[in-house]
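J.: Take a look at the following structure, please.
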Amino acid sequence: MRNIIFLGPPGSGKGTHAEKISRAMGLPRLSTGDMLRENIRNGTPLGIEAQGYMDAGELVPDTVVIAMIRKRVLEPDCANGVIFDGFPRTIAQAEALKEIAPVDAVVNMTLADAQVVQRMSGRRVCPACGNTSHTDWMRDSICALCGAEMTQRKDDAPETVLERLRVYHAQTKPLIDHYAAQNLLHSIDSGGPVTETEARVRGALLT
Ligand code: AMP
């Protein structure tokens with residue numbers, strides 16, 4: 001059983017690297033952001049409750065997110081462990097997780113605030129296939145994988161990015177000390193190219 005957490009500010013590459021490790025280890029990636037967005041798309045009561053918080057760049061209440069994760073980890077594909085992407089995001093969530101699944105390692109992706117803002121405001125996502133890219137690398141607004149029109153996530157708008165960063169510092173950053181005190185923390189500088197960061201993440205988890 002291996003349960004691994006990816007922690008870090010928005011835009012630090014948590015999703016990208018959690019996905020790579022998920023494939024390498026054959027463990028499912030549980031992204032609370034993706035799960036919440038799916039609920040919004042499907043118009044579920046949970047999605048309706050979450051949407052206002054997400055659009056404003058605030059965290060969805062702990063009780064909602066914890067209940068969602070508690071249910072998801074009971075599914076059979078989670079039996080050998082999971083890669084948590086974007087959960088926990090508060091000390092209360094970390095305390096709840098203790099009762100849900102033992103944590104084996106925490107990858108703390110580090111990125112300077114200025115780079116967070118630069119990365120997130122240029123981020124584009126494909127509504128059709130989920131591909132993500134950045135305006136710096138895109139020649140046009142077409143998804144390189146499936147040809148659909150790439151869009152900007154509502155919460156990647158510049159003013160919301162600043163609020164998400166503030167929320168990260170106030171509510172999520174304390175998890176770094178929390179997990180360091182348990183000797184579980186691997187801090188990885190994610191300011192360089194993806195391949196460099198990937199090598200560091202693999203070095204921390206797979207060797
Ligand atoms: P993400 O896709 O991880 O950047 O998450 C997008 C948004 O979903 C966040 O800004 C929050 O509003 C919400 N969210 C995702 N994960 C959590 C969580 N663990 N706790 C509270 N809110 C969350």
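The values are calculated or read from the model by the stated rules, or taken from the named source; none is laboratory data. All of these numbers come straight from a predicted model, not from anything done at the bench. In this analysis, Cβ positions are derived from the backbone assuming ideal geometry, glycine residues included, and neighbour counts consider all displayed protein chains. Side chains are part of the model used for accessible areas, which takes the heavy atoms of the whole protein and leaves out ligands, DNA and RNA. Shrake-Rupley method; radii C 1.70, N 1.55, O 1.52, S 1.80 Å.
J.: How long are the semi-axes of the equivalent ellipsoid of the range 50-138, defined as square roots of 5 times the Cα gyration tensor eigenvalues? Whole Å, largest first.
T.: 27, 16, 16
J.: Further question: Under 5 Å between amide H atoms, partner at least 5 residues away or on a different chain: which partners does MET109 have, H built in plane at 1.01 Å?
T.: Under 5 Å from the amide H of MET109: LEU7, GLY8, ILE188.
J.: Work out Dmax and Rg for the range 116-193 from the C-alpha atoms and quote the Rg first, both in angstrom.
T.: 15.9, 46
J.: Please state the shape class of the range 153-207: rounded when a/c is under 1.5, otherwise prolate if a/b exceeds b/c and oblate if not, all from the C-alpha gyration tensor.
T.: It comes out oblate by the Cα gyration axes.
J.: Using 1/(1 + (r/R0)^6) with R0 = 35 angstrom and r between the beta carbons of ARG202 and GLU75, what's the FRET efficiency to the nearest 0.05?
T.: 0.85
J.: Rounded to a whole number, what % of the accessible area of the chain do carbon and sulfur atoms account for, probe 1.4 Å?
T.: 52
J.: Taking square-rooted eigenvalues a ≥ b ≥ c of the alpha carbon gyration tensor, is the chain rounded, prolate or oblate, where a/c under 1.5 means rounded and, failing that, a/b exceeding b/c means prolate?
T.: Rounded, because the longest to shortest axis ratio a/c is under 1.5.
J.: Determine the sum of side-chain charges near VAL117: Lys and Arg each +1, Asp and Glu each -1, restricted to other residues whose C-beta is under 12 angstrom from that of VAL117.
T.: Summing Lys/Arg as +1 and Asp/Glu as -1 gives 0.
J.: Rolling a 1.4 Å sphere over the protein heavy atoms, what is the accessible area per residue of the range 1-143, to the nearest Å²?
T.: 47
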